[in-house]
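The values are calculated or read from the model by the stated rules, or taken from the named source; none is laboratory data. Everything numeric here is computed off the predicted structure, so don't read it as measured data. Here the Cβ positions follow ideal geometry from the backbone for every residue, glycine too, while neighbour counts run over all protein chains shown. We work out accessible area using only protein heavy atoms, side chains counted, and drop any ligands, DNA or RNA first. Shrake-Rupley method; radii C 1.70, N 1.55, O 1.52, S 1.80 Å.
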Number of protein chains: 4
Amino acid sequence: MLNRVVLIGRLTKDPELRYTQNGTAVATFTLAVNRPFTNQQGEQEADFINIVVWRKAAENVAQYLKKGSLSAVEGRLQTRTYENNEGRRIYVTEVVADNVRFLDGGKKAETKPDLEDPFAGEAEPVDVSEDDLPF
Amino acid sequence: MLNRVVLIGRLTKDPELRYTQNGTAVATFTLAVNRPFTNQQGEQEADFINIVVWRKAAENVAQYLKKGSLSAVEGRLQTRTYENNEGRRIYVTEVVADNVRFLDGGKKAETKPDLEDPFAGEAEPVDVSEDDLPF
Amino acid sequence: MLNRVVLIGRLTKDPELRYTQNGTAVATFTLAVNRPFTNQQGEQEADFINIVVWRKAAENVAQYLKKGSLSAVEGRLQTRTYENNEGRRIYVTEVVADNVRFLDGGKKAETKPDLEDPFAGEAEPVDVSEDDLPF
Amino acid sequence: MLNRVVLIGRLTKDPELRYTQNGTAVATFTLAVNRPFTNQQGEQEADFINIVVWRKAAENVAQYLKKGSLSAVEGRLQTRTYENNEGRRIYVTEVVADNVRFLDGGKKAETKPDLEDPFAGEAEPVDVSEDDLPF
DNA sequence: TTTT
DNA sequence: TTTT
C-alpha cells in the first residue's frame with residue numbers, strides 16, 4: 001500500500017553493474033548506514049543495506065559511485081526468496097532505489113529518478129535469474 | 001547517517017509478544033505490503049517485511065493488532081546476522097519501529113512513539129538471544 | 001536534492017477538482033494530521049497541510065475522497081509565492097502528491113502513482129494561473 | 001497520525017539562534033532544495049523550506065552549519081497562524097526537525113536526534129512568542 | 001477556512 | 001511461513 005525508504009550512508013565496495021538478457025542495466029551495492037548511537041561497548045555500529053538500481057540510474061551509479069562514496073538512496077523495500085545451490089530457501093530483503101544522490105564533492109552528475117520499475121514492465125521483461133544478483 | 005522507513009500494510013499473522021530477561025517487552029510481526037503494480041502474470045504481489053517493536057508500543061501492538069489488521073509502521077532498517085543451529089550464518093533485515101498506527105476502525109488506542117532504542121540503552125541492556133526472535 | 005513527505009490524516013473538506021487550460025486535472029484538499037501529543041492545555045492539535053494532486057490521481061481523489069476521509073499521502077514539499085489581489089506577496093507551502101491511498105473501508109479503488117510531474121512536462125505545459133489554486 | 005519529512009539541500013543563509021524565556025535554544029534556517037527537473041525555460045528551480053530545530057541540536061546547527069552548507073533534515077511538517085503587525089492572519093508551514101545531518105566535509109560533529117518536542121514539554125514550556133520566529 |  |  002505504501003512503501004518508502006530513505007537512507008544516507010557509504011558504499012562498502014564499488015558498485016557492480018550487470019545487464020539482463022534484454023540489455024537492461026542493473027547496479028547493486030551495499031550501503032553502510034551508521035546507527036545514531038553506539039552499542040553497549042561504546043562502538044559505532046552500522047546497518048548494511050543492499051541496494052538495487054535499474055536502467056540509466058544504474059549506469060550513473062557505476063560511473064560516479066565507488067567504495068566509500070557518500071550517497072542518499074530513496075526507494076522501496078523489496079523481499080524475495082530463492083533456492084541456493086544446496087537447495088536451501090534464502091530470504092532476501094533489499095531496497096529498490098528510484099533516486100540515488102551523490103553527496104561527495106566533485107562529481108556533479110546525479111541520477112534522475114528512474115521511475116518505471118523493470119519488474120513490472122511488460123514491454124521489457126526482466127529475465128536475469130534472481131540467483132545472478134550478488135546478494 | 002539517516003535511515004527512515006514508512007510502510008502501510010496488513011499483518012500476515014497475529015503479532016508475537018515476548019519479554020527479555022529484564023522484562024522489556026518485544027513484539028514482532030510481518031507486514032504484507034502490496035506492490036503498486038502486478039507482475040507479468042497480472043497477479044498482485046506483496047513484500048513481506050519483518051517488524052520489531054519494543055516496550056509499551058510492543059504491548060499495544062499485541063493488544064490491538066491481529067492477523068489482517070491494516071497498520072502504518074515508521075522506523076529504521078536494521079541488519080544483523082547470527083549462526084543458526086546448523087552453524088549457518090543467517091542474514092536478517094528488519095524494521096525497528098518507533099511508531100505504529102492502527103488504521104482499522106474501532107480500536108481507538110494508538111501506540112505512542114517509543115523513541116528510546118533498547119539496543120542503545122545502558123540502563124536496560126537487551127539480553128534476549130537474537131536467535132529467539134521468530135525471524 | 002531529496003524531498004520526500006509522507007502523511008496520514010483526514011480531509012478537512014471535500015476535495016476540489018479543476019482543469020488547466022489544456023485539460024489537465026488538478027485536485028486540491030487539506031489534510032488534518034493529528035499531532036502525536038496534546039498541547040499544554042491537554043487538547044488534541046493538528047497540522048493542516050495543503051495537498052495538490054495532478055492528472056488521473058486527481059480524478060480518483062475527487063471520486064473517492066470526501067470530508068473526513070482517512071488518507072495516506074506521499075509526495076514532495078513545494079513552495080511558491082504570488083501577489084494577491086491587494087498586491088501582497090503570499091508564500092505558499094504545499095505537498096505535491098505522487099501517491100494517494102484511501103484508508104477508509106469500502107472504496108477499493110486506489111490512485112496509481114502519477115509519476116510524471118506536470119510542472120516539468122514540456123509537451124503539456126501547465127497554465128492554470130497559480131492564483132486560481134484555492135490556497 | 002503520521003507526519004514525516006526528509007530533505008537534503010543547502011542553507012540559504014547562516015542559521016539564526018535564539019533562546020526562549022526559559023532558556024531553550026531554537027535555531028531556524030531555510031533550506032533550498034533543488035527540484036529534480038528544470039522548468040519550462042530550462043532553469044534549475046528550488047523549494048525553500050523553513051526549518052526549526054530545538055535544544056542541543058539547535059546549538060549544533062548554529063555551530064556547524066552556515067550559508068551554503070549541505071544538510072539532510074528529518075522531521076515533521078507543522079502549520080501555525082499568527083496575526084502580523086497589520087492585524088493580518090499569516091499562515092506558516094515549516095519543518096520541525098528531529099534530526100539534522102551535516103553533509104559537508106570536515107565538520108565531524110552531528111546532531112543527535114532531539115526527540116522530545118518542546119511544544120509538548122510540560123516541564124519546560126516554550127514561551128517564545130511565535131511572532132519572534134524569523135519566518 | 002479546518003478532520004475523527 | 002505470508003495479508004485484503
Looking at the range C:81-95, is at least one residue outside any strand (DSSP E or B), touching a Lys or Arg at 6+ places or on another chain (Cβ under 8 Å), touching a residue at least 24 places away in the same chain (Cβ under 8 Å) and buried (at least 17 other Cβ atoms within 10 Å of the Cβ)? no
C:Leu2 versus (1) touching a residue at least 12 places away in the same chain (Cβ under 8 Å); (2) buried (at least 16 other Cβ atoms within 10 Å of the Cβ); (3) more than 21 Å from B:Leu103 (Cβ to Cβ): which is the lone unmet condition? (1)
For the range B:65-72, indicate whether the set of residues that are touching a helix residue (DSSP H, G or I) at 6+ places or on another chain (Cβ under 8 Å), within 25 Å of D:Asn3 (Cα to Cα) and buried (at least 21 other Cβ atoms within 10 Å of the Cβ) is non-empty. no
Condition first: more than 9 Å from DNA strand E (Cβ to nearest atom) and among the aliphatic types (A, V, I, L, M). Now tell me which residues in the range C:65-80 satisfy that. C:Leu65, C:Ala72, C:Val73, C:Leu77
In the range B:11-64, which strands (runs of 3 or more DSSP E) lie fully inside it and hold 1 or more residues that are buried (at least 20 other Cβ atoms within 10 Å of the Cβ), within 13 Å of another protein chain (Cβ to nearest Cβ) and away from DNA strand E (no atom under 16 Å from the Cβ)? B:25-38, B:44-54
I'd like to check something: does the range C:73-96 contain any residue that is basic (Lys, Arg), more than 16 Å from DNA strand F (Cβ to nearest atom), touching a helix residue (DSSP H, G or I) at 6+ places or on another chain (Cβ under 9 Å) and at pLDDT 50 or above? yes
Within the range D:97-114, of all residues that are assigned to a loop (DSSP other than H, G, I, E, B) and modelled with pLDDT of 90 or more, the one least open to solvent (accessible area, probe 1.4 Å) is D:Leu103
